[in-house]
Each structure stands twice: as C-alpha cells, then as structure tokens.
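Visitor: I'd like to ask you about the structure that follows.
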Amino acid sequence: MSVTSQKNGLIIFGYDIESASSATSGFLQGAQQLHQKHDVPWTIYLTGQTLAARVADVQVVISDPLLSVGQHTYNHVLLKSVYMKPDDGKPIHGQFPNFFHSGGTLEQIQEEIGSTQDLIRQLLGIECQGLTGPWGYYRGLVDRPDILQVLSDNGIRWVRTNARDYRDCQPTPFSEQPFFYVDQGFPDILELGVQGYQDDFYWDRFDDRQFGDTYQDYLFAMLEKVANEKLVWNVCSHDHGTIDMDSFSRIKGDWIEMLIIQAKSLGIQFGTPPDLYEQMAA
Ligand SMILES: [Zn+2]
C-alpha cells in the first residue's frame, strides 16, 4: 500500500556511521562523491563515539545540501533486546541455534540519546531530529511508549527502528511501510523502517537466493517491487571496512551506484526523511 504521492516509489538512503575509525572518513568521502555525482540525497546516523573521534571527517561533508543528519546513540546501546531465532540450521553471530543481545535500561537510553543530541548541537550546530536504533527491532517501538517518550523529550521526530522480521532476523518485509506512532500517543514521531536487509553482509547471511546469487540480483528484484507497488524503501549501509575511497567503491559504492542507476531507469524518486515527514503529515 502506498503511503506517499510518489508515482513510482521512493528511496531514502541512510547510513550508520559508527566505526569511529578511518573507515568513517573513507565512507563519508566516498558516499558524498557518489551522491553528488547522481544528485541523490543521503542521510547519516552518527554514534556520539564516532562524532567525538572523527569530527573533522564529518565536518568535511556537513555542508552538503544533499545531506541530512540523524543520530545512532552514543555507544551503540540497543533500545530493545534482540532475540534472533533464524531456524535455518546455520549459526548466527557465532552462536547456535539462537542469539540474544540485551537492550539498554531506560536510564541508559536517556543518557545515550541525550548526550548525543548535545554533542551534535555542540560540534555540528544542528538540532538533530532523526535516529536509527542500534541493530533494529521487530515491530520497531510499537510496544515501547516509554522509549518513544524519551525520543520525544529529546526532539527526535523520525526514526528507523522497525528493521527486523518476526524471527528478529532479516529481511524486514516491504509491507512494513513508514507510519506515525499515533496509537502509542506520539503522532509526531515517524517510523521509517529499514525495508529488506540492513546491509550487504546481512543479505549474505540470511538470504535464501530466491532472486539470484548476488546482492544486486536481490536489490534489482526489490526495485521492481518498489516501483510497481509505489512503496517507500529506506536503504541502509554502514561505514565498515571503507578505509579510503577505493575501498568504499569496492565494498559499498558499486552496489549503491547500480541501485541508483537502476532506480532512476524505473522512475523511482529519491528523498530525505524530512521530505517524507512533510509529505505524510500533510
Ligand atoms: Zn549500528
């Protein structure tokens, strides 16, 4: 079901910037060059730790008019526990058959989000309104009005937390489209979700190859679906291993660029979280 007036679907690119390493610099420079080349907007979700360690790298790209900025907590603390139960006979994060990672306490979450808001304001001069929840969760925050209250208190208006399937694994079905948390009492907080896989390496682990043997096969199949059904697709990636622009191109840039080119050929639009927010609020 379409949530926007977009004729052929909408793609929003959002990247977790969380490695606090030289991979941050390679990713930001590579992504900026790629997005400028194709005139396609992009969003970064910064951990406080990464911003503190790599502020000069972030400042290089911050004035890009195509860029929006969100946060990703200070220390990458999970907002909710994740209990992965893939049930496919393969280990998950080195464990078998299941994997559990505990979420932070509400006090920790308040500290993580509040301190990162302060840091972004102080170092970048931005009142940050976006957030990606570390790891992502099944059904996002529909069952956690207490966490939504913390987000609201900190000025967060658009989030990506709905980013796992019913097994707490991936892909997130494309039927999970953006929505406001109206039923929870937070009608001004927009959930974007992360449809599909959170990155290439999760496709590698979880995908059953029904669309082909490469990530590109999967991406192109999803583009057809997005265009035909006029869907919103929040595409995600990470600053992992991208120590310079060459490695960015090889690891991330190649598939992101093919995705952009193919999406344009299908008439799919590109936007930012604030664009979608305005469109859906209207
Ligand atoms: Zn992350």
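Readers should treat all values here as calculations from the given coordinates under stated rules, not as data from a laboratory. Predicted model, so just to flag it, every value in this text is computed and none were measured. Don't worry about glycine lacking a Cβ; one is built from the backbone with ideal geometry, like all the others, and counts go over all protein chains shown.
Visitor: What value in Å³ per residue do you get for the convex hull of the alpha-carbon atoms in region 159-272?
Guide: Residue-normalised Cα hull volume stands at 127 Å³.
Visitor: Another question, if that's okay. Taking amide H positions as placed 1.01 Å from N in the peptide plane, with prolines and chain starts having none, which residues 5 or more places from Ile17, or on another chain, fall under 5 Å of its amide H?
Guide: Under 5 Å from the amide H of Ile17: Tyr45, Leu46, Thr47.
Visitor: Compute the length gained on full extension between Asp204 and Asp39: take 0.36 nm times their separation in residues and subtract their Cα-Cα distance, giving the result in nm to one decimal.
Guide: Full extension from Asp204 to Asp39 adds 56.5 nm.
Visitor: Tally the DSSP beta bridges in region 10-281 and give the antiparallel ones as a percent, rounded to 5.
Guide: Looking only at bridges with both residues in region 10-281, the antiparallel portion is about 25 percent.
Visitor: Something else about it: Please compute, for the alpha-carbon atoms of region 15-71, the extent along each of the three principal axes and give them in descending order in Å.
Guide: 30, 19, 16
Visitor: Given 37 °C and 0.692 mPa s, how large is the Stokes-Einstein diffusion coefficient of the chain in µm²/s, with Rh as the Kirkwood radius over Cα pairs?
Guide: In µm²/s, the coefficient rounds to 174.
Visitor: Charges on Cβ only, +1 for Lys and Arg, -1 for Asp and Glu, centred on the Cα centroid of region 182-230; of Tyr215, Ile189, Asn228, which one is farthest towards the dipole's positive end?
Guide: Final value for the positive-end residue is Asn228.
Visitor: Here's a follow-up. Dividing the alpha-carbon radius of gyration of region 201-251 by 2.2 N^0.38 Å (N being the number of residues), what value is obtained?
Guide: Against the compact-globule rule of thumb, the ratio is 1.34.
Visitor: Another one. For every other residue with a beta carbon closer than 11 angstrom to the beta carbon of Ala31, add +1 if it is Lys or Arg and -1 if Asp or Glu, then tell me the sum.
Guide: Residues close to Ala31 contribute a combined charge of -1.
Visitor: Grab the chain and count how many Lys pairs have their alpha-carbon atoms under 19 Å apart, sequence gap of 8 or more, or different chains.
Guide: Qualifying lysine pairs in the chain: 8.
Visitor: Below 15 angstrom from the Cβ of Gly104, what's the summed charge of the other residues (Lys, Arg +1; Asp, Glu -1)?
Guide: -2
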